[in-house]
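Starting off with a structure, shown below.
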Amino acid sequence: SDAICNFVICNDSSLRSQPIIFNPDFFVEKLRHEKPEVFTELVVSNITRLIDLPGAELAQLMGEEDPKLPGTNSTASGFFRSLMSLKRKEKGVVFGSPLTEEGIAQVSQLIEYLHKNLRAEGLFRVPGNSIRQQILKDALNSGTDIDLDSGEFHSNDVATLLKVFLGELPEPLLTHKHFHAHLKIADLTLFDEKGNKTSTPDKERQIEALQLLFLILPAPNRSLLKLLLDLLYQTAKKQDKNKMSAHNLALMFAPHILWPRNVTANDLQENITKLNNGVTFMIKHSQKLFKAPAYIRECARLHYLGSRAHTSKDDLDLLTSPGSKELQPLKSQKRSRLDTCHQEETQQRTEEALKELFRHVHNMPDSAKKKKLIRQFNKHPTALTPGSDVPTSPAPRRTRSRSFSGLIKRKVLGTPVMLERKSRDATPEPERVSKENVHLLQKCGSPAHMSQAKLKSLEGRKEESCRRMRAHLLSKDSSSL
């Protein structure tokens with residue numbers, strides 16, 4: 001879908017050199033913060049279009065019911081979970097606490113340091129020094145400044161501490177509510193020509209489903225997940241140095257970011273492979289997963305710009321400002337202006353070509369071909385005529401005939417003006433007749449429907465009137481002589 005770009009004139013010279021950052025998900029984020037219920041309904045309706053979620057699992061995804069996770073029915077596991085929750089309450093400000101912006105700011109120091117030290121062999125797999133890790137952990141909890149580049153800490157210390165932080169969160173980074181949805185996404189496969197499911201994963205649908213699912217994650221979880229997957233993606237790109245592929249990294253992080261808390265491998269059983277493969281897929285395609293699908297962007301944009309009922313006061317003032325009745329995309333306005341200019345230019349070229357053609361015809365010597373071409377010009381009133389630009393010599397005036405035949409024609413057929421009017425009629429006549437004959441034709445019907453006798457009588461009357469007229473004219477000439 002096309003993005004709307006706003007051009008702002010900045011009078012502050014100190015800000016003109018700053019890069020202009022355009023967020024294509026601006027309206028998506030705006031809708032998420034201002035109308036979370038509308039946003040959630042929009043996203044979840046598209047998630048259910050891709051994966052089949054029964055009523056209970058859909059209610060868990062929406063937060064209407066507590067998630068039912070593997071191993072929760074066991075009394076021992078319930079006791080173990082409550083014991084672990086008591087231990088977490090004794091943790092510090094960052095480690096073991098619910099995810100906050102402050103915690104993300106502290107942990108982001110670890111991620112930035114690891115981005116500069118991705119070549120260490122066995123990164124995230126080889127444990128570091130426990131004493132150095134405890135010192136670093138206490139510093140992060142207390143909020144003191146840490147200089148990780150001083151050489152006091154090793155990259156394996158920092159990598160292990162990052163896994164500890166994720167493992168001590170009260171719930172996995174991808175949350176308990178989304179657990180069943182991730183299992184269903186792992187089952188998305190292609191269909192063959194007969195409509196049967198195959199074992200080949202449908203990557204496009206999986207990416208789309210993850211994009212939607214990440215949109216309804218809590219904002220702190222989504223921010224940290226993006227930082228983490230970017231780090232793991234860059235780590236896997238340097239697997240020739242650190243020997244850590246995307247699958248190896250998934251085995252290290254799936255228990256911390258996706259597995260439900262306080263469950264064992266026996267509780268998950270056959271789902272372990274799905275979960276590990278799901279994290280592997282996230283690492284490989286992490287650069288695509290945090291972009292909203294195009295149709296979500298368009299729905300969010302239309303929610304604010306497509307209807308005045310959904311706009312804020314500032315947007316409404318912008319829409320009703322003088323000189324702009326409705327907001328139109330800049331690209332469509334530019335396209336319409338280009339089309340108009342192109343049409344005007346084409347019409348101008350056509351007129352110039354017609355003028356040149358008529359000048360050429362007008363300068364030709366008098367001939368039957370020249371008369372034929374001029375008649376063709378006159379047949380098209382929309383074409384350029386010589387009366388506007390090209391001066392033409394007046395046509396020679398025809399001399400009036402003084403012969404008896406000319407007088408008879410003018411008396412019988414009428415004046416030249418009447419001849420021109422009759423020639424414009426759409427229905428052609430077999431021959432010119434006098435007024436008396438016209439009146440007789442109106443009484444008797446059209447010549448096509450008249451009998452042969454009536455036609456002969458009409459011709460006889462016509463000849464008789466001609467003889468009378470000729471005799472009258474002869475008598476007048478003889479008397480004058």
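The values are calculated or read from the model by the stated rules, or taken from the named source; none is laboratory data. Computed from a predicted structure; not experimentally measured. As a convention, Cβ positions derive from the backbone with ideal geometry for all residues, glycine included, and neighbour counts pool all protein chains shown. The accessibility values were calculated without ligands, DNA or RNA, using every heavy atom of the protein model including side chains. Shrake-Rupley method; radii C 1.70, N 1.55, O 1.52, S 1.80 Å.
What is the log10 of I(q)/I(0) for segment 87-147, computed with the Debye formula using one identical point scatterer on each Cα and no solvent, at q = 0.12, 0.14, 0.20, 0.23 Å⁻¹?
At q = 0.12, 0.14, 0.20, 0.23 Å⁻¹ the computed log10 ratios are -0.34, -0.46, -0.91, -1.11.
Measuring with a 1.4 Å probe in the full set of protein chains, what accessible area per residue, in whole Å², belongs to segment 84-214?
It amounts to 50 Å² per residue over segment 84-214.
Still on this structure, please answer the following. Have a look at segment 85-237 and give its Rg and Dmax from the Cα atoms, expressed in angstrom.
Final numbers for Rg and Dmax: 18.5, 63 Å.
Still on this structure, please answer the following. If I compute solvent accessible area with a 1.4 Å probe over the protein chains, what percent of it on segment 139-265 is carbon and sulfur?
Values: 2650 of 5200 Å².
C and S atoms contribute 51 percent here.
Also, I was wondering about something else. For segment 210-260, evaluate the Debye formula with one uniform point scatterer on each Cα (no solvent term) and list log10 I(q)/I(0) at q = 0.22 Å⁻¹, rounded to two decimals.
-0.88
Determine ³J(HN,Hα), in whole Hz, for all residues of segment 93-109 in sequence, where each value follows from phi through the Karplus function 6.51 cos²θ - 1.76 cosθ + 1.60 and θ = phi - 60°; x replaces Gly and Pro.
Per-residue couplings from phi come out as 5, 9, 7, x, 9, x, 5, 10, 5, 5, x, 5, 5, 6, 6, 4, 5 Hz.
Now for a separate question. Dividing the convex hull volume of the Cα atoms of segment 177-246 by its residue count, what figure in Å³ per residue is obtained?
Numbers: hull volume 8.3 nm³, N = 70.
With only Cα atoms used, segment 177-246 gives 119 Å³ per residue.
Taking the simple approach of a point 7 Å from Cα along Cα-to-Cβ for both MET252 and ASN277, what is their distance in nm?
2.3 nm
Considering Cα pairs under 8 angstrom that are at least six residues apart, work out the relative contact order of segment 163-247 and quote it in whole percent. Walk me through the intermediate numbers first.
On the way: 47 pairs, mean separation 15.5, N = 85.
Relative contact order of segment 163-247: 18 percent.
I would also like to ask the following. For THR189, which sequence-distant residues (separation of 5 or more, or a different chain) have an amide H within less than 5 Å of its own amide H, given hydrogens modelled in the peptide plane?
Residues meeting the criterion, in which the H sits 1.01 Å from N, are ASP202.
Ranked highest first by the average count of other Cβ atoms within 10 Å around their residues, in what order do 250-261, 221-232, 45-56 fall? Could you put the intermediate results ahead of the total?
Numbers: 250-261: 20.9, 221-232: 19.3, 45-56: 14.3.
Ranking the peptides 250-261, 221-232, 45-56 by packing returns 250-261, 221-232, 45-56.
For segment 32-72, what is the accessible area per residue in Å² when the probe is 1.4 Å?
Numbers: 2360 Å² over 41 residues.
Roughly 57 Å² per residue, with all protein chains present.
Mind checking the alpha-carbon convex hull of segment 251-309 and giving the volume per residue in Å³?
Values: hull volume 7.8 nm³, N = 59.
Hull volume over Cα atoms, normalised by residue count, gives 132 Å³.
Here's something else I'd like to know. Which pairs, out of LYS116/LYS274; LYS184/LYS238; LYS226/LYS288, put more than 21 Å between their alpha-carbon atoms?
Working: LYS116/LYS274 31 Å; LYS184/LYS238 31 Å; LYS226/LYS288 11 Å.
The pairs that break the limit, which is 21 Å between Cα atoms, are LYS116/LYS274; LYS184/LYS238.
Please compute the Kirkwood hydrodynamic radius of segment 125-175 from all pairs of different C-alpha atoms, in Å with one decimal. List each step's numbers first, then the result.
Values: mean 1/r = 0.0852 Å⁻¹.
Its Kirkwood hydrodynamic radius stands at 11.7 Å.
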